[in-house]
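Undergrad: Please see the structure below; I have some questions.
The values are calculated or read from the model by the stated rules, or taken from the named source; none is laboratory data. As the structure is a prediction and not an experimental result, all values here were calculated from the model. No Cβ is skipped: glycine too gets one built from the backbone with ideal geometry, and neighbour counts run over all protein chains shown.
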Amino acid sequence: MIGKASAIAEAFLFLGKKLGKTHYLALMVILGIETSCDETAASVLSDGKIRSNIIASQAVHETFGGVVPELASRAHHKTIWQTVSQALQEAETTLKQIDAIAVTQGPGLMGSLLVGLSFAKGLAISAGKPIIGVNHIDAHMYANFIEHDEVYPFVALIVSGGHTRLVHVEKIFSHVILGDTRDDAAGEAFDKIGKILGLPYPSGPQVDKRSQNGDALFYDFPRSMINKGLDFSFSGLKTSVLYYAKEMGESYVQENLDDICASVSAAITDVLTAKVKRAVKQTGVKHVMLAGGVSANSMLRRKMGELAKRLHLNLMIPSVQYCTDNAAMIAKTGELKAREGFFDTLQIKPFARIEAV
Ligand code: KG4
Ligand code: ZN
């Protein structure tokens, strides 16, 4: 079966070379599967368009205030077949019509990744389809090309729950890391600070919601490393909010929650925007993108919009459904990888951590 899947991949490459990239893309039907954390997701892409985008979120973690890895894998196991079937159904496609299966290979929770990858391998074997392993962080970036024209070179600010990273992409799948977080990621900072302020899990979107009615100038929280390099650090901000909340007391915090949230969001988004500006200056790019869950943040979207206008940049931000974890971004990246000839064998293994994108 491994041989059969590879033969199909080879046939695709041959077709790709013969027809040229644009026609080749228009032909492909890709099934994307994502199970790296606490969302079981499946999506179908055909003719370069997303035909379905199913996300089953795992409510089981809410009571624990964070993702419990073992419960996450069990929940993926329970819902994956139903999620994939629904994605195929909504796209009015059958497994037979799928040309390749793209699946998240990492980074993420090992147990969760294993469920998605094993399921994808099973499908690949039974239907005789090629498999494409996708890097989850790459996929957050390439999600932008679902709705925006594919352009290079660009600088991407990847801001998710586990990563905060600036990447210079000179051409497709050629990534140079410009800056990384030294401690907490931006999403992690939003979540941990939200928890300190008494907001329910997952608190990043809640802090955002509260901020929209608050005064960002209410309190001047620290903007760590804002004038220094392209690396990030958010753990100092978290400690500062912790001391502030302790000092002011619970009732004061609750009375001024909107303003405190807006001040926290301002501190985080000021740093993110300043670093993007520096990265643009350093690389001279004209195209910039936001990627990952925190790119759903309304203040960040607004500030990046203003920066792009000032510097005459082409700014790409995914619509909110493609910011947080989803399988459409896996299908899209799978499509691009297929076009570039990057297919995998059934020996493909998951990886929990990345050292480089
Ligand atoms: O990319 P993502 O969905 O998952 C990872 O790959 O980590 O990012 C999740 C992160 C969480 O920390 C969540 O709180 C944050 O993105 N997030 C937000 C917003 N929406 C999601 N943070 C701030 N404002 C939002 N609107
Ligand atoms: Zn993610």
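Undergrad: Looking at the range 33-50 only, could you name the residues that are assigned to a loop (DSSP other than H, G, I, E, B), near ligand 1 (Cβ under 10 Å from one of its atoms) and over 15 Å from Thr333 (Cβ atoms)?
TA: Let us first name the residues in the range 33-50 that are assigned to a loop (DSSP other than H, G, I, E, B), namely 35-38, 47-48.
Remaining after also requiring near ligand 1 (Cβ under 10 Å from one of its atoms): 36-38.
Passing the criteria: Cys37, Asp38.
Undergrad: To continue, here is another question. Residues of the range 101-121 being among the aliphatic types (A, V, I, L, M) and closer than 14 Å to Ala42 by Cβ, which ones?
TA: First, pick out the residues of the range 101-121 that are among the aliphatic types (A, V, I, L, M): 101-103, 109-110, 113-115, 117, 120.
Once the filter is applied, which keeps residues that are among the aliphatic types (A, V, I, L, M) and closer than 14 Å to Ala42 by Cβ, the range 101-121 yields Ile101, Ala102, Val103, Val115, Leu117, Ala120.
Undergrad: Take the residues in the range 127-165 that are under 12 Å from the mean Cα position of the chain (by Cα) and in a loop (DSSP other than H, G, I, E, B); name whichever of them is farthest from ligand 2 (Cβ to nearest atom).
TA: That would be Ala143.
Undergrad: Out of the residues in the range 76-126 meeting the condition of being at positive phi and under 22 Å from the mean Cα position of the chain (by Cα), tell me which one is surrounded by the fewest Cβ atoms within 10 Å (Cβ to Cβ). Walk me through it before giving the result.
TA: First, pick out the residues of the range 76-126 that are at positive phi: 92, 106, 108.
When the remaining residues are screened for being under 22 Å from the mean Cα position of the chain (by Cα), the result is 106, 108.
Working: Gly106: 20, Gly108: 27.
Filtering first and then ranking leaves Gly106.
Undergrad: Kindly check whether there is at least one residue in the range 275-282 that is farther than 30 Å from Met316 by Cβ, assigned by TED's automatic domain parsing to the domain that holds Val167 and either in contact (Cβ under 8 Å) with a residue 24 or more places away in the chain or among the acidic types (Asp, Glu) (or both). If you could, list the steps in order and put the result at the bottom.
TA: Taking the range 275-282 first, the residues farther than 30 Å from Met316 by Cβ are none.
No, the range 275-282 contains no residue that is farther than 30 Å from Met316 by Cβ, assigned by TED's automatic domain parsing to the domain that holds Val167 and either in contact (Cβ under 8 Å) with a residue 24 or more places away in the chain or among the acidic types (Asp, Glu) (or both).
Undergrad: Working carefully through the options His136, His140, find the one that is within 13 Å of ligand 1 (Cβ to nearest atom), at pLDDT 95 or above and out of contact with any helix residue (DSSP H, G or I) (no Cβ under 7 Å at 6 or more places or on another chain). Spell out how you get there, then give the answer.
TA: Details: His140 fails: out of contact with any helix residue (DSSP H, G or I) (no Cβ under 7 Å at 6 or more places or on another chain).
Exactly one of His136, His140 is within 13 Å of ligand 1 (Cβ to nearest atom), at pLDDT 95 or above and out of contact with any helix residue (DSSP H, G or I) (no Cβ under 7 Å at 6 or more places or on another chain), namely His136.
So that you can scan it fast, the table gives a plain yes or no per residue for (1) under 30 Å from Glu150 (Cβ atoms); (2) crowded, with 16+ Cβ neighbours inside 10 Å; (3) modelled with pLDDT under 95; (4) outside the structural domain of Leu300 (by TED's automatic domain parsing):
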site: Val167; (1), (2), (3), (4): yes, yes, no, no
site: Phe234; (1), (2), (3), (4): no, yes, no, no
site: Val241; (1), (2), (3), (4): no, yes, no, no
site: Tyr252; (1), (2), (3), (4): no, no, no, no
site: Ala266; (1), (2), (3), (4): no, yes, no, no
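Undergrad: When you check Lys246 against the structure, is it part of a helix (DSSP H, G or I), closer than 29 Å to Ile132 by Cβ and more than 16 Å from ligand 1 (Cβ to nearest atom), yes or no? Step through it out loud before you land on a result.
TA: Working: part of a helix (DSSP H, G or I): yes; closer than 29 Å to Ile132 by Cβ: no; more than 16 Å from ligand 1 (Cβ to nearest atom): yes.
When the stated conditions are applied, Lys246 does not pass them.
Conditions tested, residue by residue: (1) loosely packed, with under 15 Cβ neighbours inside 10 Å; (2) under 27 Å from Ser263 (Cα atoms); (3) within 16 Å of ligand 1 (Cβ to nearest atom); (4) modelled with pLDDT of 95 or more.
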residue: Gly292; (1), (2), (3), (4): no, yes, yes, yes
residue: Met304; (1), (2), (3), (4): no, yes, yes, yes
residue: Leu311; (1), (2), (3), (4): yes, yes, no, yes
residue: Asp325; (1), (2), (3), (4): no, yes, yes, yes
residue: Lys332; (1), (2), (3), (4): no, no, yes, yes
